[in-house]
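The values are calculated or read from the model by the stated rules, or taken from the named source; none is laboratory data. The shown structure was predicted, so the numbers you read here are calculated from the model rather than taken from an experiment. When we count neighbours, we look across all protein chains shown, and the Cβ atoms used for this are built from the backbone with ideal geometry, even at glycine.
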C-alpha cells in the first residue's frame with residue numbers, strides 16, 4: 001500500500017509537513033522554502049517524488065521588467081545567493097550583447113577571476129557535508145575567500161560589482177596578493193579534500209541515479225550533468241569572456257555513474273581546475289597592468305529592439321538570461337534560466353527507488369539554492 005508524505009523543513013506557508021527533511025544543518029538546501037511530496041511503498045522506498053516549488057517566489061523577472069537597466073543589475077544578485085557575482089555577470093553579458101558593447105580587457109579578466117573564485121566559494125558548502133574530517137579546513141577556506149571578496153566588492157553576499165560594460169573598480173594590489181596566496185593554499189589542500197570526499201561517499205554508490213539521457217532531458221549541466229556523463233562545459237564548448245585564451249587550463253571532470261557519490265566527486269574534482277583558472281587570470285591581470293575596467297555609458301541606456309540570450313557556466317550549472325528589448329530603458333521581457341530549477345525538476349526521476357532512510361543523502365547530493373528555484 002502506498003503512503004503519501006509531504007516533507008519539508010519546518011512549516012512553510014501555513015502547511016504542516018508530515019515529516020521533516022533531516023538535512024545537514026549547514027547544507028544550503030536547508031531552507032523553509034524546500035518542500036517535497038513523496039509516495040513510498042510498503043518497504044518505505046520512494047515510488048514518486050514531486051518537489052513543491054513557488055513558496056519563495058518573488059517575481060524577479062517582473063521586477064527586472066519594471067527597472068531601468070542599471071537598476072536591474074542590482075537585482076541580478078538576489079536569487080542565487082551563493083554565486084551572486086555570476087548572476088550579475090550573465091545579466092551584464094546579455095545587455096552588452098544587445099548593445100554591441102565590448103568591455104575593456106582588464107574588466108574581462110577581472111570578471112573571469114571573480115567568477116572562478118566564487119565557484120570555489122559556492123562549491124564548498126555543498127561539498128563540505130560529505131568531507132568528514134576535512135570539513136573544518138574547507139569551511140575555513142571558504143570564510144577566508146568570503147572575506148577577500150568582501151574587501152574587493154564591499155559586500156559579503158550581494159556584491160553589486162558587475163557593471164554594464166565592465167566592473168565597479170580595479171582590484172587593489174593587496175587584494176590580488178591575498179587572492180593569490182589563498183588560491184595557492186587551495187591547490188595545496190584540495191588533494192586532501194578529494195581523498196576525504198572519496199572515503200566518505202562510498203556508501204552513496206547507486207543512490208539517486210540519473211542517466212545521461214535523463215540529465216539531458218531535464219536540461220542539466222554543471223556538476224550534476226557531468227556526474228551523469230554529460231560532457232559539457234560552456235567555458236570550453238562555447239567560450240565567453242576570454243576563456244578561449246585558457247583552453248589548455250579548462251579541464252572538464254566527467255563521470256558516468258550518475259549517482260550521489262559521482263556528484264560529490266565531480267564537485268571535488270572541479271576545485272583544482274577552478275584554482276588554476278583563477279591563478280591564470282591573476283597572471284594575466286598582472287601582465288596587463290593599469291587600465292580602464294569599465295565603459296562610459298550615456299545618461300539613459302536603452303535596450304534595442306530584438307531578443308538576446310547569454311549564458312555562463314555557473315558553479316551549479318548553466319545560468320542564462322533571455323532579454324527582449326523594445327527600444328526602451330526597461331526590458332520588455334526578461335527570463336532567467338537557473339541551474340537550481342533544472343536540478344529540482346530532476347528530483348522527480350532521481351529520487352524514485354531511493355529508500356526513505358537514504359533520502360536526505362540523495363537530496364543533499366543534488367545541489368540547489370532555493371532562491372534560484374523560486375526566482
- Item | Unique match (being part of a loop (DSSP other than H, G, I, E, B) and either closer than 30 Å to residue 295 by Cβ or under 20 Å from the mean Cα position of the chain (by Cα) (or both)) among 149, 183, 210 | 210
- Query: Do we have residue 258 as in contact with a helix residue (DSSP H, G or I) (Cβ under 7 Å, 6 or more places away or on another chain), outside any helix (DSSP H, G or I) and farther than 17 Å from residue 282 by Cβ here?
  - Reply: yes
- Task: Could you grab me the full set of residues in the stretch 213-255 that are outside any loop (DSSP other than H, G, I, E, B) and touching a strand residue (DSSP E or B) at 6+ places or on another chain (Cβ under 8 Å)?
- Result: 222, 223, 224, 225, 234, 235
- Answer yes if at least one residue in the stretch 328-350 is in contact (Cβ under 8 Å) with a residue 12 or more places away in the chain, surrounded by fewer than 16 Cβ atoms within 10 Å (Cβ to Cβ) and closer than 30 Å to residue 179 by Cβ, and no otherwise. no
- Does the stretch 161-169 include one or more residues that are in contact (Cβ under 8 Å) with a residue 12 or more places away in the chain, in a helix (DSSP H, G or I) and touching a helix residue (DSSP H, G or I) at 6+ places or on another chain (Cβ under 9 Å)? no
- Message: Please go through the stretch 307-327 and give me each residue that is without any contact (Cβ under 8 Å) to a residue 60 or more places away in the chain and within 13 Å of residue 91 (Cα to Cα), ordered by number.
- Response: 324
- Item | residue 154 under 22 Å from the mean Cα position of the chain (by Cα), under 29 Å from residue 96 (Cβ atoms) and without any contact (Cβ under 8 Å) to a residue 24 or more places away in the chain | yes
- For the stretch 44-64, name all the residues that are within 19 Å of residue 353 (Cα to Cα) and in contact with a helix residue (DSSP H, G or I) (Cβ under 9 Å, 6 or more places away or on another chain). 44, 45, 46, 48, 49, 50, 51
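So that you can scan it fast, the table gives a plain yes or no per residue for (1) at pLDDT 95 or above; (2) farther than 25 Å from residue 210 by Cβ; (3) surrounded by 14 or more Cβ atoms within 10 Å (Cβ to Cβ):
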{"position": "233", "(1), (2), (3)": "yes, no, yes"}
{"position": "241", "(1), (2), (3)": "yes, yes, yes"}
{"position": "248", "(1), (2), (3)": "yes, yes, no"}
{"position": "259", "(1), (2), (3)": "yes, no, yes"}
{"position": "262", "(1), (2), (3)": "yes, no, yes"}
{"position": "269", "(1), (2), (3)": "yes, no, yes"}
{"position": "275", "(1), (2), (3)": "yes, yes, yes"}
{"position": "292", "(1), (2), (3)": "yes, yes, yes"}
{"position": "311", "(1), (2), (3)": "yes, no, yes"}
- Query: Can you spot a residue in the stretch 47-61 that is part of a helix (DSSP H, G or I), touching a residue at least 60 places away in the same chain (Cβ under 8 Å) and either buried (at least 17 other Cβ atoms within 10 Å of the Cβ) or touching a strand residue (DSSP E or B) at 6+ places or on another chain (Cβ under 7 Å) (or both)?
  - Reply: yes
- Yes or no: residue 331 more than 15 Å from residue 88 (Cα to Cα), touching a strand residue (DSSP E or B) at 6+ places or on another chain (Cβ under 9 Å), at pLDDT 95 or above and in a loop (DSSP other than H, G, I, E, B)? no
- Within the stretch 62-88, residues surrounded by 21 or more Cβ atoms within 10 Å (Cβ to Cβ) and within 18 Å of residue 339 (Cβ to Cβ) come out as 76, 77, 79, 80, 82, 83, 84, 85, 86, 87, 88
- Message: Being within 17 Å of the chain's Cα centre (by Cα) and over 30 Å from residue 283 (Cβ atoms): is that true of residue 49 here?
- Response: no
- Scanning the stretch 109-141 for residues that are under 13 Å from residue 280 (Cα atoms) and more than 18 Å from the chain's Cα centre (by Cα) gives 109, 110
- Would you point out which residue out of 223, 253 is buried (at least 17 other Cβ atoms within 10 Å of the Cβ), touching a residue at least 40 places away in the same chain (Cβ under 8 Å) and at negative phi? 223
- Conditions (1) more than 30 Å from residue 108 (Cβ to Cβ); (2) surrounded by fewer than 15 Cβ atoms within 10 Å (Cβ to Cβ) -> residue 207 fails only (2)
- Query: Any idea which residue in the stretch 171-184 is surrounded by the fewest Cβ atoms within 10 Å (Cβ to Cβ), counting only those that are in contact (Cβ under 8 Å) with a residue 40 or more places away in the chain and touching a helix residue (DSSP H, G or I) at 6+ places or on another chain (Cβ under 7 Å)?
  - Reply: 180
- When (1) modelled with pLDDT under 90; (2) over 14 Å from the mean Cα position of the chain (by Cα) are applied to residue 363, the one that fails is (1)
- Item | Within the stretch 277-290, considering residues that are assigned to a helix (DSSP H, G or I) and without any contact (Cβ under 8 Å) to a residue 40 or more places away in the chain, the one surrounded by the most Cβ atoms within 10 Å (Cβ to Cβ) | 280
